[in-house]
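Encoded as structure tokens, the structure appears first; notes follow it.
Every read-out reported here was derived from the displayed coordinates using simple, explicitly stated rules and does not represent laboratory data. Computed from a prediction, not measured in an experiment: that's the story for all the values here. Neighbour counts are summed over all protein chains in view; Cβ atoms, including those assigned to glycine, are modelled from backbone coordinates with ideal geometry.
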């Protein structure tokens with residue numbers, strides 16, 4: 001293994017460590033502060049971004065999870081009055097899901113706290129660091 005490939009492997013391990021720590025911190029923050037879960041937050045975020053109803057299949061694809069996993073979260077959101085399902089007029093196998101007005105308001109509150117928590121997690125990085133890291137990660141994504 002070359003020195004360059006060893007360094008890249010160490011980088012990969014460091015990226016995983018930072019990601020896992022940040023994700024664990026966010027999970028704990030959402031659980032303790034908002035009595036919710038990261039998967040629930042992710043589903044609400046996807047529905048919030050879209051604003052219009054989307055199929056459960058589209059939601060699952062967007063989140064890279066199974067239909068079953070998305071369904072469990074949407075079931076809970078619906079029972080809490082934060083989401084609603086609507087059957088398709090043209091295909092009875094298709095169900096659309098969207099946030100209710102209460103769901104939109106609840107997500108806006110969650111999102112503000114989430115943003116503040118992400119800022120806290122990465123507070124040791126100044127704006128220049130964030131810009132440089134963002135540019136580097138964009139290049140890495142292009143693989």
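Helix 38-50 versus the longest principal axis of the chain: what angle, 0 to 90°, nearest 10, using Cα atoms?
Roughly 70 degrees between the two axes.
Taking the Cα centroid of segment 79-143 and of segment 1-45, what is the distance between the two, rounded to the nearest whole Å?
15
Report the equivalent ellipsoid semi-axes for the chain in whole Å, largest first, defined as the square roots of five times the eigenvalues of the gyration tensor built from alpha carbon atoms.
Values for the chain, descending: 34, 20, 14 Å.
Among 54-61, 22-29, how do they line up from the highest to the lowest mean number of other beta-carbon atoms within 10 Å?
Highest mean packing first, the order is 54-61, 22-29.
Once every DSSP H run of n ≥ 4 in the chain is given -39500 (n - 2.57) and the sum is divided by its residues, what mean residue ellipticity at 222 nm do you get, rounded to the nearest 500 deg cm²/dmol?
Using -39500 (n - 2.57) per qualifying helix, the result is -24000 deg cm²/dmol.
Just want to confirm a number: the relative contact order over the chain, from Cα pairs under 8 angstrom separated by 6+ residues, in percent.
Relative contact order comes out at 21 percent.
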